[in-house]
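This is the structure, below, for whatever I ask next.
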Amino acid sequence: MAKEMTLSGCAATAQAVKLAKVDVICSYPIRPYTAAMMELAKMVAEGELDAEFIHGEGEHAQLSVVYGASAAGARTFTGSSGVGVTYAMEVYSPISGARLPVQMMIADRALDPPGDFGSEHTDAMSCRDQGWLMGWAESPQEAFDNHLINYRIGEDRRVMLPQFVCQDGYFVSHIPGKVLVPDQGQVDEFLPPYDPGSHVLDPKKPMSHGPQIRPDQGTIMDLQRAQAFLDLPAVVKEAIDDFNRIFKRSYAPFVEEFMTDGAEIVFFIMGGHAATARHAVRHLREQGVKAGMVKLRFVRPFPTREVGEVLSRFKAVGVVETSTSYGGSMRGGNLLPEVRAALYALPRRPLTTSFMAGLGGDVVSLKDFYWMAGILAGAVQAGKVGKTVYWTGLERA
Amino acid sequence: MFDIPQERAVPFGCVTPAPVGEQPMMITGNWREYRPVIDHEKCNLCMNCVIFCPDACWQLDDAEEQVVWNAKYCKGCLVCVNECSHDALGKAYELDFPDGVVRLEKPF
Amino acid sequence: MAHVHEITIWTRGVVKDKEGRDVANGLARAADREGKFTQAFDNYVDLPDRVNVPLRKYARISDADIEMKYDYENEKPEVVVVVDATIVKGINVLRGVERGGLLVVNTNRAPKEILKFIPNGSTLKAIACVDANGIAGSSTVDFSGTEGGVDAVGLGSGIAAPLLGAVARTTGLVKLGSLAAVVKSTSALQQGYESVVIESLS
């Protein structure tokens, strides 16, 4: 029987990892994800979870430890935040290239300088080209669910890829919310044991990992992973369908639509601020503004077709950016270039612009969303966008 | 192009002058529940309190030939009371004293 | 959007951190039982690992879903709870409180002794003093519930219980019965409720 608990995102993550019966955990403290490891340490100490709990000497060590453990056939879990995520950068590609389904929780945090604990997606987004799955949770419930879903997808033989399971630092990781925690039987039905297949390290059958290759083999090496990402969406859909059926949820696999019927302007958003955006959209509709929200659940694999199909129905799309891409083509965040690429070849394209919001842990208020809606409505009226990047709260009036 | 409110401004490269002597942006006098009180008659200027205070809140006033207490920063750890060699230092509840009010708007 | 009642709790790092959290969590869990929508969380920037540093914990109670979940602070608290009385000297505890607020202080001193240190105290509707230290005897020190972790030792074994009783009596924001269902020491809760001294100011 599922039971309802009030849990922060970190505590929800720990519950999911426990129910996933993880074999090896490697920890290293950094705010704000640390509490997840604190909870798991308690569970291991109390005998609630039978796992090897290793304290790494740094984030680079964390990833190296779970790399080895996963290669030996263990279901693994690690995590980090902010500069910890970038400290481990060297190890992400080897894990993905070796096709090992390691799972890493990222409670995102603004990168230094200076020591700002607030949430920002840039830390994880900086790693989006490393060949891992990546997606954000809006709430502790979604964080819990995403951990189980990602193990299922990542460990599928057609995929065999590691996953970044992300949540907004503090906003989701620390502020408690209601979480329906299923029982072990339901989780076992959804998530079969990890079967690493033939490339597991085994003394009886010695294997070499990552031997040197010639440059003319390099492209083939990369193509293997690129093909896995092409096969991925079908596995995601299967996993989500199964998840919804077993746990009685109603997740859309890639993009969730909220009040989009007859909407003319929409917010395109991912992560914790979507919770506030929902309320903003409701209030805007009460004022007669035809607003809606489209929430992105996976940024890797970017659901190009779904994003294009859904967004092309609207007149203007405001991409809410909680990450930075200095010097990027839009001189703003990371999502707008990807959205525009998804829309490029379509016959009907909405106006698109972006709003830098929530950077550094800044709160995105209802008033901020109303302001964004005003800009989008103005763009619809003018038939074009004024700018491609607006810095919410700082634009000269 | 942008209106940056003064209270949100950040210095260039996030580099700022370091505090010298004291750090008025981190006043810690409101951390204490108890304060040390000194009986100057018993004090023999052994300087234990000056040496042991983690926050340098006891200083020797050469002219007065006394040690002087810093109410603004003393956190009330009472290490000085513990280390006093001549029973000159004792502790007293902070609310018994109308002086030494710090009353910050926020913790820092 | 329905009104959100904001309760700010001032406490001290390490030695009274758990007690401050227990007050916030106690109020939220009790209000949950009454069908309210609640939040209870620590202030994010106050860094509670430092012994005795003044810290804030927050509780929010509303009849409808709280829409601005992520506001870092309670900008307009209606109720301020001070877990260690000396904090009134070191912090403007009534910051953001509009006229008619309520102040609950853990002390064995009389209300007017405490008010001496609060220059804007006359704007309060009432001040309440409860000797939580005397009733409970000791404070619980525990870190399992920090930083978003799950409290492993339960709620209200120390001075938080009588403080919660005092808050229930002074504010009426939650029922004593709801609190009794969530705290460990119901006798301390009851004693706090009965012995709190409430002085009206307006």
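The values are calculated or read from the model by the stated rules, or taken from the named source; none is laboratory data. If you're wondering where the values come from, they're calculated on a predicted model, not measured in any experiment. Neighbour counts are summed over all protein chains in view; Cβ atoms, including those assigned to glycine, are modelled from backbone coordinates with ideal geometry.
Looking at the stretch A:157-213, which of the residues that are away from chain C (no Cβ under 14 Å) and touching a Gly at 6+ places or on another chain (Cβ under 6 Å) is modelled with the lowest pLDDT? Before the answer, list the steps.
Taking the stretch A:157-213 first, the residues away from chain C (no Cβ under 14 Å) are A:157-166, A:180, A:182-213.
Still in the list and also touching a Gly at 6+ places or on another chain (Cβ under 6 Å): A:161, A:163, A:196, A:200.
Numbers: A:161: 97, A:163: 98, A:196: 86, A:200: 82.
Once the filter is applied, the top-ranked residue is A:200.
For the condition within 14 Å of another protein chain (Cβ to nearest Cβ) and either β-branched (Val, Ile, Thr) or within 24 Å of residue A:202 (Cα to Cα) (or both), what is the one hit in A:13, A:86, A:76?
Numbers: A:86 fails: within 14 Å of another protein chain (Cβ to nearest Cβ); A:76 fails: within 14 Å of another protein chain (Cβ to nearest Cβ).
Result: A:13 is the single residue among A:13, A:86, A:76 that is within 14 Å of another protein chain (Cβ to nearest Cβ) and either β-branched (Val, Ile, Thr) or within 24 Å of residue A:202 (Cα to Cα) (or both).
If you take the residues in the stretch C:164-202 that are touching a strand residue (DSSP E or B) at 6+ places or on another chain (Cβ under 6 Å) and in a helix (DSSP H, G or I), which one is surrounded by the fewest Cβ atoms within 10 Å (Cβ to Cβ)?
Ranking the candidates gives C:171 first.
Which pairs do you get when a residue that is facing another protein chain (nearest Cβ under 10 Å), found in the stretch B:1-30, comes within reach of a residue that is hydroxyl-bearing (Ser, Thr, Tyr), reach meaning Cβ atoms under 6 angstrom, with the pair 6+ apart or on two chains?
Sorted first by the residue in the stretch B:1-30, then by its partner, the pairs are B:28/B:73; B:29/B:73.
Separate question: Looking at the stretch A:112-125, is at least one residue outside the structural domain of residue A:359 (by TED's automatic domain parsing), surrounded by fewer than 17 Cβ atoms within 10 Å (Cβ to Cβ) and of a type in the set (A, V, I, L, M)?
Looking through the stretch A:112-125, none of the residues is outside the structural domain of residue A:359 (by TED's automatic domain parsing), surrounded by fewer than 17 Cβ atoms within 10 Å (Cβ to Cβ) and of a type in the set (A, V, I, L, M).
Could you grab me the full set of residues in the stretch C:56-103 that are within 21 Å of residue C:16 (Cβ to Cβ) and acidic (Asp, Glu)?
Taking the stretch C:56-103 and keeping what is within 21 Å of residue C:16 (Cβ to Cβ), we get C:56-59, C:73-74, C:77, C:79-95, C:102-103.
Within the stretch C:56-103, C:73, C:84 qualify.
Where the second residue is surrounded by 14 or more Cβ atoms within 10 Å (Cβ to Cβ) and among the polar types (S, T, N, Q) and the first is within 14 Å of another protein chain (Cβ to nearest Cβ) and lies in the stretch B:79-95, which pairs have Cβ atoms under 9 Å and are six or more apart or on separate chains?
Qualifying pairs under 9 Å: B:93/C:86; B:94/C:86; B:95/C:86; B:95/C:107.
Taking strands (runs of 3 or more DSSP E) that do not extend beyond the stretch A:285-397, which have at least 2 residues that are more than 14 Å from chain B (Cβ to nearest Cβ)?
Working: elements: A:291-296, A:316-321, A:351-356, A:389-391.
Passing ranges, in order: A:291-296, A:316-321, A:351-356.
Tell me which of these residue C:5 doesn't satisfy, since it passes every other one: (1) surrounded by fewer than 23 Cβ atoms within 10 Å (Cβ to Cβ); (2) over 30 Å from residue B:54 (Cβ atoms); (3) under 16 Å from the mean Cα position of the chain (by Cα); (4) free of Cβ contacts under 8 Å to residues at least 40 places away in the same chain.
Of everything listed in (1) surrounded by fewer than 23 Cβ atoms within 10 Å (Cβ to Cβ); (2) over 30 Å from residue B:54 (Cβ atoms); (3) under 16 Å from the mean Cα position of the chain (by Cα); (4) free of Cβ contacts under 8 Å to residues at least 40 places away in the same chain, residue C:5 misses just condition (4).
Within the stretch C:26-37, how many residues are under 16 Å from the mean Cα position of the chain (by Cα) and either more than 9 Å from every other protein chain (Cβ to nearest Cβ) or surrounded by fewer than 24 Cβ atoms within 10 Å (Cβ to Cβ) (or both)? Walk me through how you get there before you give the answer.
From the stretch C:26-37, those under 16 Å from the mean Cα position of the chain (by Cα) are C:26-31; that's our starting set.
This time we only want the ones that are either more than 9 Å from every other protein chain (Cβ to nearest Cβ) or surrounded by fewer than 24 Cβ atoms within 10 Å (Cβ to Cβ) (or both), so: C:26-27, C:29-31.
Qualifying residue count for the region: 5.
Go over the candidates C:93, C:81 one by one and state the one that is among the β-branched types (Val, Ile, Thr) and away from chain B (no Cβ under 14 Å).
Values: C:93 fails: away from chain B (no Cβ under 14 Å).
Exactly one residue qualifies, and that residue is C:81.
Let me ask something else about it. Name every residue in the stretch C:158-195 that is without any contact (Cβ under 8 Å) to a residue 40 or more places away in the chain and over 19 Å from residue C:107 (Cβ atoms), in order of residue number.
C:172, C:176, C:177, C:180, C:184, C:186, C:187, C:190 - these are the residues of the stretch C:158-195 that are without any contact (Cβ under 8 Å) to a residue 40 or more places away in the chain and over 19 Å from residue C:107 (Cβ atoms).
Based on this model, can you work out whether residue A:18 counts as more than 23 Å from residue C:49 (Cβ to Cβ), within 21 Å of the chain's Cα centre (by Cα) and of a type in the set (Lys, Arg)? I'd like the intermediate steps shown before the answer.
On the way: more than 23 Å from residue C:49 (Cβ to Cβ): yes; within 21 Å of the chain's Cα centre (by Cα): yes; of a type in the set (Lys, Arg): yes.
Here the answer is yes, as residue A:18 does meet what is asked.
Same structure, new question: In the stretch C:96-115, is there at least one residue being over 27 Å from residue C:188 (Cα atoms), surrounded by 23 or more Cβ atoms within 10 Å (Cβ to Cβ) and modelled with pLDDT under 95?
no
Looking only at strands (runs of 3 or more DSSP E) that fall completely inside the stretch B:1-92, which ones have 3 or more residues that are closer than 24 Å to residue C:91 by Cβ?
Working: elements: B:34-38, B:58-61, B:66-69.
The qualifying strands (runs of 3 or more DSSP E) are B:34-38.
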